[in-house]
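Q: Take a look at this one; I'll ask things after.
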Amino acid sequence: MARVISVSSGKGGVGKTSLVANLGCLLAAQGKRVLLIDGDWSLGKLGLTLGVRPNATIDRVLKGEITLADATVRVRDNLALIAAPSGRVGFEELDEPTRNALFYQLDQLSEQHDVIFLDHSSGIHSAVIQFAAASHQHVIVTTGEPTSYTDAYAIMKVLSKRFGVRRFGLIVTMSESHAETEKVIARFGEVAESHLGVRVSLLDIIPWEQKMSESIRFQQPFVERYPGHELTRRFRCVLAELLKLPINVSAGLQFFGNARFPLSVGQL
Ligand SMILES: Nc1ncnc2c1ncn2[C@@H]1O[C@H](COP(=O)(O)OP(=O)(O)OP(=O)(O)O)[C@@H](O)[C@H]1O
Ligand SMILES: [Mg+2]
């Protein structure tokens, strides 16, 4: 049964999709069976980041045309993707039957994978929150800027107060001064822990790196384009730390166990 890792942020453009693509490639190269799900159902970019454009995208699952399994495309050895379209609107909110049907289908897919990464859209939409709340591990991505970590706090607040999530992994990206970012983020972690009663584990502070946008231009994940680069080594460390985070057992809606409603695709 797969472990589901949710990657979210309050503010957009902080590097979630890049992280998911790179961590997914590294983990798959280590021999784990990995599934990446693009949770940005309006402006999906995970496929582009991996250099693929599948026709079977998750909006077609939500419309009941195909199943999640049909939308699962193999993109590397051990690495599968459920892509999202770019430029469709209207999937930000999920009603309960749709959510349950998706959870049920994910349940089925989990047998074939070791780790599932959910790359969410930014912000606090109900679909993001419902999927994030149900996940086994929670990664929050932020930059060291107040506008970004204030939004990160907001998403942690909703997940902890409404869904009882107690553990978060924090990844800070695009840092231009490690020492300064470290100070700011340490304070942020203390405030979140004392006000929300959660534990925040800082997984890493990733530096701003010009070659990241270059790898996006070439539609090739950074770790594949620059396997010997220092940042690739950092991504490996982030992955190791992430996998050590305790599994969230307190969330109200686990994917596997509570979502056993055998809904057909037509009921989506
Ligand atoms: N460490 C980094 N250094 C420099 N640029 C980066 C870094 N990480 C990501 N980027 C760049 O920032 C841009 C946004 O990254 P990405 O799409 O991964 O963010 P996101 O959080 O998924 O955005 P969205 O909220 O729109 O889904 C991309 O152009 C990417 O190349
Ligand atoms: Mg993204």
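The values are calculated or read from the model by the stated rules, or taken from the named source; none is laboratory data. Just so we're clear, the structure is a prediction, and the values are computed from it rather than from any experiment. All Cβ positions, glycine included, derive from the backbone under ideal geometry; neighbour counts span all protein chains shown. Please note that ligands, DNA and RNA were not included when accessible areas were found on the heavy atoms of the full protein model with its side chains. Shrake-Rupley method; radii C 1.70, N 1.55, O 1.52, S 1.80 Å.
Q: Residue check: is Phe131 touching a residue at least 24 places away in the same chain (Cβ under 8 Å), among the aromatic types (Phe, Trp, Tyr) and closer than 25 Å to Asp151 by Cα?
A: Considered against the rule, which asks whether it is touching a residue at least 24 places away in the same chain (Cβ under 8 Å), among the aromatic types (Phe, Trp, Tyr) and closer than 25 Å to Asp151 by Cα, Phe131 comes out as yes.
Q: Looking at (1) crowded, with 17+ Cβ neighbours inside 10 Å; (2) under 16 Å from Val7 (Cβ atoms), find the lone condition where Leu202 falls short.
A: Every condition holds for Leu202 apart from (1).
Q: Provide a single number: the residues in segment 179-194 that are loosely packed, with under 15 Cβ neighbours inside 10 Å and in contact (Cβ under 8 Å) with a residue 24 or more places away in the chain.
A: Residues that pass the stated criteria total 2.
Q: Could you please give the count of residues in segment 125-146 that are modelled with pLDDT under 95, within 16 Å of ligand 2 (Cβ to nearest atom) and either buried (at least 21 other Cβ atoms within 10 Å of the Cβ) or hydroxyl-bearing (Ser, Thr, Tyr) (or both)?
A: Summing the residues that are modelled with pLDDT under 95, within 16 Å of ligand 2 (Cβ to nearest atom) and either buried (at least 21 other Cβ atoms within 10 Å of the Cβ) or hydroxyl-bearing (Ser, Thr, Tyr) (or both) in segment 125-146 gives 3.
Q: Something else about it: Step by step: first the residues of segment 200-212, then only those that are touching a residue at least 12 places away in the same chain (Cβ under 8 Å) and of a type outside the set (A, V, I, L, M), then the one that is nearest to Ile171 (Cα to Cα). Which residue is that?
A: Among them, the one singled out is Asp204.
Q: A further question follows. Would you say Ser215 is within 16 Å of ligand 2 (Cβ to nearest atom), part of a helix (DSSP H, G or I) and open to solvent by less than 60 Å² (accessible area, probe 1.4 Å)?
A: Yes.
Q: Tally time: how many residues in segment 156-178 are open to solvent by 30 Å² or more (accessible area, probe 1.4 Å), more than 16 Å from Pro146 (Cα to Cα) and either touching a strand residue (DSSP E or B) at 6+ places or on another chain (Cβ under 6 Å) or of a type in the set (A, V, I, L, M, F, W, C) (or both)?
A: Result for segment 156-178: 3.
Q: OK, next. Can you say whether Gln112 is in contact with a Leu (Cβ under 6 Å, 6 or more places away or on another chain) and within 25 Å of Thr57 (Cα to Cα), as far as the supplied structure shows?
A: Spelling it out, it is not the case that Gln112 is in contact with a Leu (Cβ under 6 Å, 6 or more places away or on another chain) and within 25 Å of Thr57 (Cα to Cα).
Q: Can you name the strands (runs of 3 or more DSSP E) wholly within segment 1-94 that have at least 1 residues being away from ligand 2 (no atom under 11 Å from the Cβ), open to solvent by less than 30 Å² (accessible area, probe 1.4 Å) and over 18 Å from Phe131 (Cβ atoms)?
A: In segment 1-94, 72-76, 79-82 are the strands (runs of 3 or more DSSP E) which contain 1 or more residues that are away from ligand 2 (no atom under 11 Å from the Cβ), open to solvent by less than 30 Å² (accessible area, probe 1.4 Å) and over 18 Å from Phe131 (Cβ atoms).
Q: Which one is nearest to ligand 2 (Cβ to nearest atom) among residues in segment 95-124 that are open to solvent by 50 Å² or more (accessible area, probe 1.4 Å) and within 26 Å of Ala154 (Cα to Cα)?
A: My answer is Ile124.
Q: Residue under question is Gly87, and the condition is that it be within 14 Å of ligand 1 (Cβ to nearest atom) and in contact (Cβ under 8 Å) with a residue 40 or more places away in the chain; does it hold?
A: It is true that Gly87 is within 14 Å of ligand 1 (Cβ to nearest atom) and in contact (Cβ under 8 Å) with a residue 40 or more places away in the chain.
Q: Just name the residue that is nearest to Glu241 (Cα to Cα) out of those in segment 147-181 that are part of a strand (DSSP E or B) and within 16 Å of ligand 2 (Cβ to nearest atom).
A: Ile171
Q: Restricting attention to segment 1-37, report how many residues are touching a strand residue (DSSP E or B) at 6+ places or on another chain (Cβ under 6 Å) and within 14 Å of ligand 1 (Cβ to nearest atom).
A: 12
Q: Report, ordered by the first and then the second residue, all pairs with beta carbons closer than 6 Å, sequence separation of six or more or different chains, a first member in segment 213-226 that is of a type in the set (Lys, Arg), and a second member that is within 11 Å of ligand 1 (Cβ to nearest atom).
A: Arg225/Ser215
Q: Looking only at segment 221-250, which residues are open to solvent by 60 Å² or more (accessible area, probe 1.4 Å), part of a loop (DSSP other than H, G, I, E, B) and farther than 20 Å from Gly169 by Cβ?
A: Pro227, Gly228
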